[in-house]
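K.L.:
For reference, the structure I am asking about is given below.
The values are calculated or read from the model by the stated rules, or taken from the named source; none is laboratory data. Given the structure is predicted, the values throughout are model-derived calculations rather than measurements. Cβ atoms come from the backbone with ideal geometry, glycine included; neighbour counts cover every protein chain shown.
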Amino acid sequence: MPRAEPLEEGAELRGQIGEANSLREVVRETAKLWRRHHLSYDQTKHVVEDVRRTLRLAAPRERRRTVDRLDREEIERRIEAAYRRTSGYGLMVKTLFYTGARVSEFVNIRVTDLHLALNPPQVYIAYAKGGSDGYVPILPNLAQELRTHLAGRRTGYLFESNRHDRYTARAIQLIVKDTARRAGIEKTVTPHRLRASVATILLDAGMPLDQVQKFLHHKRIATTQIYAQTSTRGMGESYVKALGGRP
């Protein structure tokens, strides 16, 4: 299987970097000012609140407590669009979704992290946020695709560019965005939204919350409960399906 080249990162990335640099400069200048006046923790809280009032900054009326997701049909369309672009892109997007990996974890998966002979096959997710490394199961048909992709290769990263190096997280983000556009999905699609999607699909299918927590490598179950709240969106449909035809 030919390796896919990362998309051009372009002006969008430069704009985001510029914004991040600007915020870092604000943080540095604020830290200097607070240090000069020897502000305590409580005093800095008071300063922040006072500055917000002075600038008439108000919090959003509604803060999002759940995470948006793609439904199964949208996921399938995305994966199909990725395969139409190149088989390499298709397999990357499919693997990213079915492992539920963070993009920073995904780009670091090595061939030696695959345990495809197990039942079910598993992938070891290293470099996990908070040090919560561990194994995740994958479907047998995906395991077979990965064997074909590797063609006997036993070293290196699972997905490599033509330079035989791992992809950057930004390159994967651009691939995910591009394939969503090609699939005609108007939602903003990111690797994190794919992660949210597989989590809520698993919860909707009845996987216990503690198992989803382990699958996502969350250290705190409260983090996983955000996805559980999202999965209740399908509760009304399930309720009608279960009881709607009864007297």
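K.L.:
Report whether or not residue 203 is outside any loop (DSSP other than H, G, I, E, B), hydrophobic (A, V, I, L, M, F, W, C), crowded, with 17+ Cβ neighbours inside 10 Å and within 18 Å of the chain's Cα centre (by Cα).
P.N.:
When the stated conditions are applied, residue 203 passes them.
K.L.:
I'd like to verify a number: residues in segment 147-190 that are farther than 16 Å from residue 82 by Cβ and assigned to a helix (DSSP H, G or I), how many?
P.N.:
Summing the residues that are farther than 16 Å from residue 82 by Cβ and assigned to a helix (DSSP H, G or I) in segment 147-190 gives 5.
K.L.:
Would you point out the residue of segment 91-119, among those that are among the polar types (S, T, N, Q) and in contact (Cβ under 8 Å) with a residue 40 or more places away in the chain, that is surrounded by the fewest Cβ atoms within 10 Å (Cβ to Cβ)?
P.N.:
112
K.L.:
Picking from 144, 213, 225, which residue would you name as being in a helix (DSSP H, G or I) and touching a helix residue (DSSP H, G or I) at 6+ places or on another chain (Cβ under 6 Å)?
P.N.:
213
K.L.:
Next question, about the same structure. Kindly indicate whether any position in segment 9-28 is outside any helix (DSSP H, G or I), surrounded by fewer than 16 Cβ atoms within 10 Å (Cβ to Cβ), of a type outside the set (A, V, I, L, M, F, W, C) and at pLDDT 80 or above.
P.N.:
At the first step, the residues of segment 9-28 found to be outside any helix (DSSP H, G or I) are 9.
Next, only the ones that are surrounded by fewer than 16 Cβ atoms within 10 Å (Cβ to Cβ) stay: 9.
Adding the requirement that they be of a type outside the set (A, V, I, L, M, F, W, C) leaves 9.
Then keep just the ones that are at pLDDT 80 or above; that gives none.
No, every residue in segment 9-28 fails to be outside any helix (DSSP H, G or I), surrounded by fewer than 16 Cβ atoms within 10 Å (Cβ to Cβ), of a type outside the set (A, V, I, L, M, F, W, C) and at pLDDT 80 or above.
K.L.:
On to the next question. Name every residue in segment 170-218 that is within 20 Å of residue 124 (Cα to Cα) and of a type in the set (D, E, K, R), in order of residue number.
P.N.:
195, 210, 214
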